[in-house]
1. Filter the range 124-139 for residues that are under 19 Å from E167 (Cβ atoms) and free of Cβ contacts under 8 Å to residues at least 24 places away in the same chain and give the result.
2. Being in contact with a strand residue (DSSP E or B) (Cβ under 8 Å, 6 or more places away or on another chain) and hydroxyl-bearing (S, T, Y) is the filter here, so list the residues in the range 102-126 that pass it.
3. Going by the structure shown, is I175 closer than 30 Å to F52 by Cβ and assigned to a helix (DSSP H, G or I)?
4. Only one of these is among the small types (G, A, S), modelled with pLDDT of 90 or more, surrounded by fewer than 15 Cβ atoms within 10 Å (Cβ to Cβ) and out of contact with any helix residue (DSSP H, G or I) (no Cβ under 6 Å at 6 or more places or on another chain): S126, S130, S117. Name it.
5. With the requirement that a residue be over 11 Å from M1 (Cβ atoms), surrounded by 14 or more Cβ atoms within 10 Å (Cβ to Cβ) and of a type in the set (A, V, I, L, M), what does the range 203-221 give you?
6. Which of the residues belonging to the range 67-112 are of a type in the set (S, T, N, Q), farther than 20 Å from S21 by Cβ and surrounded by 15 or more Cβ atoms within 10 Å (Cβ to Cβ)?
7. Residue under question is Q120, and the condition is that it be under 16 Å from the mean Cα position of the chain (by Cα) and part of a helix (DSSP H, G or I); does it hold?
8. Please note which helices (runs of 4 or more DSSP H) are completely contained in the range 1-89 and include at least 3 residues that are within 19 Å of L125 (Cβ to Cβ).
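The values are calculated or read from the model by the stated rules, or taken from the named source; none is laboratory data. Fair warning: this is a prediction, and the values are worked out from it, not measured in the lab. Note that each Cβ is placed from the backbone with ideal geometry, even for glycine, and that neighbours are counted across all protein chains shown.
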Amino acid sequence: MKIIFLGPPGSGKGTLAKKLSETSGFFHVAAGDLLREEVFRGSELSEKINEFLKKGVLVPDKIVVELIKNKIIQNNGFLHNFIIDGFPRNLAQAKELEGMLLEMNSKIDGVIYFQLSEDQAVERLSGRLSCPKCGAVYHLKNMPPKKDNLCDNCGSRLFIREDDVPETIKKRYEIYEDQTKPLIDYYSQKKLLYDLDAAGGVNEIYQRLMKVINQVYHDHT
Ligand code: ADP
């Protein structure tokens with residue numbers, strides 16, 4: 001199955017996609033992680049990408065599409081169950097993805113829409129701690145690491161993402177409303193949209209998510 005996670009920043013797409021890939025073998029492609037890896041690598045594009053990330057605006061489609069495509073191809077992702085989180089984020093990207101999949105005789109089976117209020121999303125992002133090495137995320141209050149500031153998985157020192165500050169969070173939310181939200185109608189018209197209540201604790205959301213994924217499986221295979 002090929003599944004997209006769609007929803008506002010802070011709605012838990014990355015956390016849940018990681019959990020699902022660890023427990024159910026889905027191959028996970030995270031657009032934001034790919035971009036941050038690229039910045040970290042110090043490639044030609046690093047500085048340019050970082051400018052967009054810091055502002056909380058979308059990185060140009062051409063760059064993101066290329067990164068996603070490479071990641072999927074390198075891992076033979078077309079052959080596996082996969083989840084893409086953070087892509088597509090606008091209509092042009094959605095069309096690119098369709099074209100990409102069509103070339104491989106494949107298609108999207110379901111788009112899971114993580115529903116969360118703006119207040120709750122902002123609250124989550126405001127206390128988020130991220131691991132620079134394995135990408136795990138924590139929350140200062142709701143999901144603290146076992147040892148202060150150290151990743152439970154790999155022991156690396158956690159950090160606060162530069163875009164997890166109030167002004168940039170606000171900007172990211174505006175961009176989501178303006179550019180990404182129209183995808184809800186787009187996928188709904190294609191009968192691919194599945195709602196997920198993304199409020200609550202990770203385990204609780206995970207249980208709900210499994211039910212939705214079973215539904216996608218039932219409808220599309
Ligand atoms: P969140 O979903 O919490 O905003 P991400 O890590 O998915 O976090 O994205 C962080 C930033 O990466 C975005 O604010 C944007 O600048 C960039 N980004 C991620 N995905 C895309 C995409 N598909 N197209 C353009 N820019 C993207």
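1. Listed by number, the list holds a single entry, G127.
2. S106, Y113, listed by residue number.
3. yes
4. Answer to the check: S117.
5. Hits for the range 203-221 are I205, L209, V212.
6. N90, Q93
7. The answer is no for Q120.
8. Numbers: elements: 13-24, 31-41, 46-55, 61-74.
In the range 1-89, 13-24, 31-41, 46-55 are the helices (runs of 4 or more DSSP H) which contain 3 or more residues that are within 19 Å of L125 (Cβ to Cβ).
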